[in-house]
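First comes the structure, then the notes that go with it.
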Amino acid sequence: MDYETRVTTHRRALHQIPELSFQEYKTTEYIRSELEKLSIEYLSPLETATVVYLKGNSDKTIGFRADIDALPIIEETGVPFESTHPLAMHACGHDGHASILLTFAEWCKAQQNSNQLKHNVLLIFQPSEESNAGANALIKAFPFEDYNLEALFGVHLGPDTDEGVLLTKEGPLTASATEYRIRIKGRSAHVAEKETGANALGALSNIVNQIAQIQQYQLSGLNQNVIHIGKMDAGEAINTVASNGYLEGTIRTYSPEDLEVIKSQLNAIVESNDQIFGTTSTLSIAEGYPPVINPSSLLDLVEKSAASAGLALSLKAKPYLFGEDFSFYSTVTQTNFAFLGIKNTAKGYTSGLHTSTFNFDESVLVYGVQYFQEILNHLGE
């Protein structure tokens, strides 16, 4: 099989039809049509989720996942296969992830046809990684427990890692990502009679100060946490007491226990401020992504497989602070997540994830296909 031709064809076709989370209709149509050409049966547990099960020659089942959604970014790469959807772009490499898995699916089917597929495989084309926790939705919709998964693997293109390198680490690899919003309802009054009002702006200011103290006083100094405020708004006029206030932010942590402390403290801050300022406030916390935590049990398999695929393995010293919904799969089986290097300064591939100029040389995707193959080959050794 000409891997490079396959992954390049898939990547460029998918790159032209980027779609936002849970709207990946053309993307899903492409994936399923390619599977049908290969006589590969698939399941559709969600409208834009596609799962393939192929029976191999053992009782072990191993899973592989690719995410398929894009971002609301206007592309500025100038490539001839640029996005045909003006307000969407594959700026996070999910077109590459899906192309790896489609090419790997073709190889697995050929192995099965020749009675050489070493283990059962479960291939997951997952929607909505960028928002709305598509992994969690898929876990709720699909009976993973029926497949007795030995392990599940995922790769993500890494623009800060050189081509030919697989980056991973034991323990936390990405942070949990949780959004929170605080809405404050005060009571308006003229500044000349400010004591008759309930100052939403004063409450907002005090909340900001209190949030800044959570890490200092309520959490261990040994743990890294970010409680970020990204947007604030309050007040209506220059000479009135503010009757409304609003704040929103995000929490990043590697510790589920710390996240619960942060949530509790946010709630306590909001309640105490209402007592002080006479306001009525609501705190809403969206269900976030847990941290990706790689168990040590799979590291030896990852190392062997990377080496056999011609990849240099690099163990990251510190985890990333961004979120990744692959983390939800740890509730199903043991998992490993890794970053496939795409950085090449000489070729000009240096743009970061979620940027309008993000691009890469498709030949690096062949490493991803070979890495998945070698995981199958080395499992159980």
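The values are calculated or read from the model by the stated rules, or taken from the named source; none is laboratory data. Computed from a predicted model, the values in this text were never measured in an experiment. Ideal geometry is used to build each Cβ from the backbone, glycine not excepted, and the neighbour counts take in all protein chains shown. To get the accessible areas, we keep the full protein, side chains included, count just its heavy atoms, and leave off ligands, DNA and RNA. Shrake-Rupley method; radii C 1.70, N 1.55, O 1.52, S 1.80 Å.
What the table shows:
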item: Calculated over the stretch 104-216: convex hull of Cα atoms, volume per residue (Å³); result: 238 Å³
item: Whole-Hz ³J(HN,Hα) from phi, Karplus 6.51 cos²θ - 1.76 cosθ + 1.60, for the stretch 5-12, glycine and proline x; result: 5, 4, 5, 5, 4, 5, 4, 6
item: From phi via Karplus (6.51, -1.76, 1.60), per-residue ³J(HN,Hα) for the stretch 178-193 in Hz, x at Gly/Pro; result: 10, 9, 9, 9, 10, 10, 10, 10, x, 9, 6, 7, 5, 4, 5, 10
item: Distance in nm between pseudo-label sites at ASN57 and GLU41 (7 Å out along the Cβ direction from Cα); result: 2.2 nm
item: Semi-axis lengths (Å, descending) of the ellipsoid that matches the C-alpha gyration tensor of the stretch 188-302; result: 38, 13, 10
item: Distant-in-sequence amide H partners of LEU157 (H built 1.01 Å from N, under 5 Å); result: LEU340
item: Gaussian network model of the chain, Cα within-10 Å springs - most flexible of PHE142, PHE125, PHE360; result: PHE142
item: Selected from ASN115, GLY158, VAL7, residue furthest toward positive end of dipole (the chain; charges at beta carbon); result: GLY158
item: Lysines whose Cα lies under 24 Å from that of LYS316, excluding same-chain neighbours fewer than 8 positions away; result: LYS169, LYS304, LYS343
item: Beta bridge orientation in the chain: antiparallel %, DSSP, nearest 5; result: 65 percent
item: Spread of Cα-to-Cα distances over 10 Å intervals beginning at zero, given as percent, for the stretch 1-160; result: 11, 41, 35, 12, 2
item: Relative pair counts by distance (%), Cα atoms of the stretch 290-374, 5 Å bins; result: 3, 12, 19, 21, 23, 16, 6, 1, 0
item: Nonlocal amide H pairs with ALA151, under 5 Å, H built at 1.01 Å; result: GLY63
item: Debye, to nearest 20: dipole size of the stretch 1-137, +1 on Lys, Arg Cβ, -1 on Asp, Glu Cβ; result: 620 debye
item: Kirkwood Rh in Å, taken over all unlike Cα pairs in the stretch 332-381; result: 13.2 Å
item: Accessible area of the chain divided out per residue, in Å², using a probe of 1.4 angstrom; result: 43 Å²
item: Cα centroid separation - the stretch 208-232 against the stretch 1-31, whole Å; result: 41 Å
item: Local electrostatic count at GLU19 - Lys and Arg +1, Asp and Glu -1, tallied over other residues with Cβ under 10 Å; result: -1
item: Selected from PRO256, PRO72, PRO172 as most flexible by GNM, with the chain as the system and alpha-carbon contacts under 10 Å; result: PRO256
item: Accessible-area composition of the chain, carbon plus sulfur, in percent [1.4 Å probe]; result: 49 percent
item: Interchain or long-range residues, amide H under 5 Å from GLN126's placed H; result: ALA66, ASP67, ILE68
item: Equivalent-ellipsoid semi-axes of the chain, from the Cα gyration tensor, Å, largest first; result: 44, 22, 19
item: Degrees, to the nearest 10: 94-113 long Cα axis against longest axis of the chain; result: 30 degrees
